[in-house]
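Data block below; observations after.
The values are calculated or read from the model by the stated rules, or taken from the named source; none is laboratory data. A quick note: this is a predicted structure, and the numbers were derived from the prediction, not measured. Here the Cβ positions follow ideal geometry from the backbone for every residue, glycine too, while neighbour counts run over all protein chains shown.
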């Protein structure tokens with residue numbers, strides 16, 4: 001999916017975190033938190049593809065900021081909703097800890113890239129490593145996390161988690177909009 005806008009303030013699509021939950025277009029009335037997470041993963045991958053093909057430094061910087069905000073909101077919602085619920089189960093605690101370490105590694109890599117000018121020589125190399133980290137994390141999430149969520153939570157609970165997840169991401173997005181740097185709102 002190629003995005004039409006590079007403005008970090010605009011919606012990526014109806015499931016974007018900068019849109020108040022429940023206000024999206026073409027949204028099904030009931031959806032699982034797994035559908036929400038998968039949709040966000042697709043948005044994140046789309047932004048990375050767009051960034052890989054972009055060569056103008058200023059546009060790269062804007063797109064990366066947009067990607068970083070999306071990732072921060074996604075991570076915040078996963079941590080505060082999904083992992084909070086999963087950590088109640090003894091056999092899920094190690095997975096939650098590992099996954100949170102992956103989030104920290106991705107955030108550190110994002111901060112490094114964010115500190116560079118979009119035209120810096122090392123930008124492409126660092127971004128390629130970043131893409132690898134994020135893609136690996138997405139695969140792990142959609143394999144392991146989805147299996148855990150499906151095994152512990154009923155359909156109704158996954159629907160409730162979807163609503164909580166969207167609100168957590170939206171609230172975090174609103175917090176970030178009040179700051180100059182998404183790094184100020186680490187999860």
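Observations on the model:
- Qualifying residue in region 147-160 (condition: modelled with pLDDT under 95 and under 16 Å from the mean Cα position of the chain (by Cα)): no
- Residue check for residue 90: surrounded by fewer than 21 Cβ atoms within 10 Å (Cβ to Cβ) and in contact with a helix residue (DSSP H, G or I) (Cβ under 8 Å, 6 or more places away or on another chain): no
- Residue check for residue 138: closer than 28 Å to residue 94 by Cβ, at pLDDT 90 or above, surrounded by 13 or more Cβ atoms within 10 Å (Cβ to Cβ) and touching a helix residue (DSSP H, G or I) at 6+ places or on another chain (Cβ under 7 Å): yes
- None of 47, 51, 86 is in contact (Cβ under 8 Å) with a residue 24 or more places away in the chain and within 25 Å of residue 159 (Cβ to Cβ) except 86.
Each row is one residue, and each column tells you yes or no for (1) under 26 Å from residue 165 (Cα atoms); (2) in contact with a helix residue (DSSP H, G or I) (Cβ under 6 Å, 6 or more places away or on another chain).
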site	(1), (2)
37	yes, no
56	no, no
59	no, no
62	yes, no
65	yes, no
73	yes, yes
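- From the list 46, 58, the one residue that fits, being surrounded by fewer than 13 Cβ atoms within 10 Å (Cβ to Cβ), on the phi < 0 side of the Ramachandran plot and either part of a helix (DSSP H, G or I) or modelled with pLDDT of 90 or more (or both), is 58.
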